[in-house]
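Quick notes on the structure that follows.
Just so you know, all these numbers are worked out from the coordinates, no wet-lab data involved. Values in this document were obtained by computation on a predicted structure and should not be read as measured data. Note: ideal-geometry Cβ built from the backbone for every residue, glycine included; neighbour counts use all protein chains shown.
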Amino acid sequence: MQPGETVAIVGPSGGGKSTLCQLIPRFYDVSSGSIRIDGVDVRQVKQRSIHQNIGIVQQDVFLFADTIFENIRYGKPDATEEEVYEAARKAEIYDDILAMPDGFDTYVGERGALLSGGQKQRVSIARIFLKNPPILILDEATSALDSVTEAKIQRAFDNLSKGRTTLIIAHRLSTIRSASRIVSIADGVIQEEGTHAELLKQGGLYADLYKTQSNLAC
C-alpha cells in the first residue's frame, strides 16, 4: 500500500479478510511471510508504537460502561470538550447525541448496550477522529442498518479516510467502488486486484460477489 491509498479487501466469509485486521496491528503474528509497514516488518516494532499509529473501527464495537463523552475521549484522554464535540460532528453522531435527554452525559451501558448499532459505530469513529492516526483499518459491520444510518456511517468513513492510509474490510461492495484498489481474497489467498471497473470487466470473484449483492438488493 502507498501512503494515503485506500485499499478494500473483499471475499467470501471465512476467506481471511478479518484475520488480516488482526495481523497488521500484531494482535497476533504471522507464522510465515511478513506484514510490513513502510518496509519494516511489524514484528520488529513494539506493539505500543503500532497501536499509537493505527486506528481500528471493528465490527464488534467496544464501548465501556460510562458516558458517550468519555467513550469518545478514550481516543485522546487529554482532549478538550470542543475537540470531543468536533470529533462527534465529523463522525455524524453529534446531532443524535444532542437529541438524547442527557446529551454527551448519556450513559451507554455495558458494551454500549443502550445505544443502537449505528450509534455505537459512529461513537467508535468519533474516537478515531480524536486519535488522528495516519493508518486506518475499517472493518465494516455486517449487521443490517437502515438507509439513513448507513449513509451517515459511509460519510463518516469517507471523511475519516481522507489523507490517511486506509484498509477497508468490505462486506457491502456498494460502499467501496471509489477505493484506489480492491483486493479479492478467498481461502487466505489473493485471487485478483484492481479497481472496481477493472474487476467487473475481469468477471472473476469480485464480479460474482458484486452481482450477487446487487441481485439481493433488488
* Structure fact -> Mean separation of Cα contacts under 8 Å (at least 6 apart) over the residue count of the chain, i.e. the relative contact order in percent, is 32 percent
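Among DSSP beta bridges whose residues both lie in the chain, state the antiparallel percentage, nearest 5.
Working: 8 of 25 bridges.
About 30 percent, rounded to the nearest 5.
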* What number comes out for the charge environment of ILE35, summing +1 per Lys or Arg and -1 per Asp or Glu over other residues with Cβ under 14 Å away? -> 0
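Structure shown: which of LYS162/LYS201; LYS90/LYS131; LYS152/LYS211; LYS120/LYS152 lie over 22 Å apart, alpha-carbon to alpha-carbon?
Numbers: LYS162/LYS201 28 Å; LYS90/LYS131 13 Å; LYS152/LYS211 25 Å; LYS120/LYS152 12 Å.
Over 22 Å Cα-Cα: LYS162/LYS201; LYS152/LYS211.
Once you charge only the Cβ atoms, +1 for Lys and Arg and -1 for Asp and Glu, what is the size of the charge dipole of the chain about its Cα centre, to the nearest 20 debye?
Values: 24 positive and 28 negative charges, 112 e Å.
Here the size comes out at about 540 debye.
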* To do: Work out the length of the dipole vector of the range 33-138 about its Cα centre, built from +1 on the beta-carbon of each Lys and Arg and -1 on the beta-carbon of each Asp and Glu, and round it to the nearest 20 debye.
  => 640 debye
* Structure fact -> As a percent rounded to 5, the proportion of antiparallel DSSP bridges among beta bridges in the range 127-218 is 50 percent
* Asked: With labels modelled as points extended 7 Å from the Cα through the Cβ direction, what inter-label distance (nm, one decimal) is found for TYR107 paired with ASP29?
  -> 4.3 nm
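How much length is gained if the chain between LYS76 and ASN132 is pulled fully straight, taking 0.36 nm per residue apart and subtracting their Cα-Cα distance, in nm to one decimal?
Values: separation 56, 0.36 × 56 = 20.16 nm, distance 0.88 nm.
This chain segment gains 19.3 nm when fully extended.
For the range 1-69, which trypsin sites (Lys or Arg not before Pro) are in a loop by DSSP, counting at most 11 other Cβ atoms within 10 Å?
Details: sites: LYS17, ARG26, ARG36, ARG43, LYS46, ARG48; in loops: ARG26, LYS46.
Sparse-neighbourhood loop trypsin sites (Lys or Arg not before Pro): LYS46.
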* **Residue-span extension gain [SER49 to SER178] - 0.36 nm each, minus C-alpha spacing** => 43.4 nm
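Taking the alpha carbon gyration tensor of the range 1-68, what are the square roots of 5 times its eigenvalues, largest first, to the nearest whole Å? Before the final figure, lay out each step's value.
Working: eigenvalues 96, 62, 37 Å².
Ellipsoid half-lengths, sorted descending, are 22, 18, 14 Å.
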* Asked: Per the helix-only calculation at 222 nm, which mean residue ellipticity applies to the chain, given -39500 (n - 2.57) for every DSSP H run of n ≥ 4 and division by its residues, nearest 500 deg cm²/dmol?
  -> -11000 deg cm²/dmol
* Asked: Roughly how many Å is it from the Cα centre of the range 1-37 to that of the range 151-205, as a whole number?
  -> 13 Å
* **Of the DSSP H helices in the chain, those whose Cα atoms cover at least 20 Å axially and whose Kyte score averages -1.0 or more** => 117-131, 147-161
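So if R0 is 22 Å, what FRET efficiency would ARG155 and GLN213 give, r being the distance between their Cβ atoms, rounded to the nearest 0.05? Walk me through the numbers before you get to the answer.
Numbers: r = 21 Å, r/R0 = 0.93.
Here the calculated transfer efficiency is 0.60.
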